[in-house]
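Contents: one structure, followed by commentary.
The values are calculated or read from the model by the stated rules, or taken from the named source; none is laboratory data. If you're wondering where the values come from, they're calculated on a predicted model, not measured in any experiment. Positions of Cβ are backbone-derived with ideal geometry, glycine not excepted, and every protein chain shown enters the neighbour counts.
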Amino acid sequence: MPEVIRWDVPGAERLDELLATPPPLGLRAGPTQRTFHRDLYFDTPDGDLHRRGATCRLRFDVDDRRALALDVAGVARCESRVLELEPRHIFGGDTAPARRLRAIVDPRRLAPQVELEIERRMRAARLPLVLVPQFVLAYDIITAREGIEGRPYECPAGRRGRGSARAPGVVEQRCRAAAAARRRRR
């Protein structure tokens, strides 16, 4: 699984500014792609999954794909595409996350706890002398619904691609340093 680094940005204007400027380290970035998805996080009313260190996420992509993910801290993480449309049918399905979920709780007791609407803009980035992208820079605007106040939250993330020569930590340090330098110039 690719390494992911995340950090907060103070607002949507700052996020747009990051998208408009070249990335640090002399990285070359490709065109920006925009996508949307919605994540629903489920648990029982008593918080049985949370108490066991587990999270259950159902993702709906704008391209009509759905995925169920189950993460049990320190035990296992699995994610599978699903064909069913309704959560009750998805939880009763034959995917690995659904089977494992049924081993932990009765899926009839699950209810959505948090809904996240994510607008994602991505740019593939590479070092100047390398022809293949080494990083994917993702810029997310996240709006929380349900149990959390519905306010946007901006979060850029960098993900190291295959064949990357530098650890994402170096890119993160340079991104933070570049952002701090731009703030000082204002």
### Conditions (1) assigned by TED's automatic domain parsing to the domain that holds Asp140; (2) farther than 19 Å from Met122 by Cβ; number of the one not met by Ala69
(1)
### Task
Would you be able to say whether some residue in the range 73-95 is in contact (Cβ under 8 Å) with a residue 40 or more places away in the chain, of a type in the set (D, E, K, R) and more than 19 Å from Asp39 (Cβ to Cβ)?
no
### Query
How about the range 35-67: which of its residues are more than 16 Å from Val114 (Cβ to Cβ), in a strand (DSSP E or B) and more than 14 Å from the chain's Cα centre (by Cα)?
Arg66
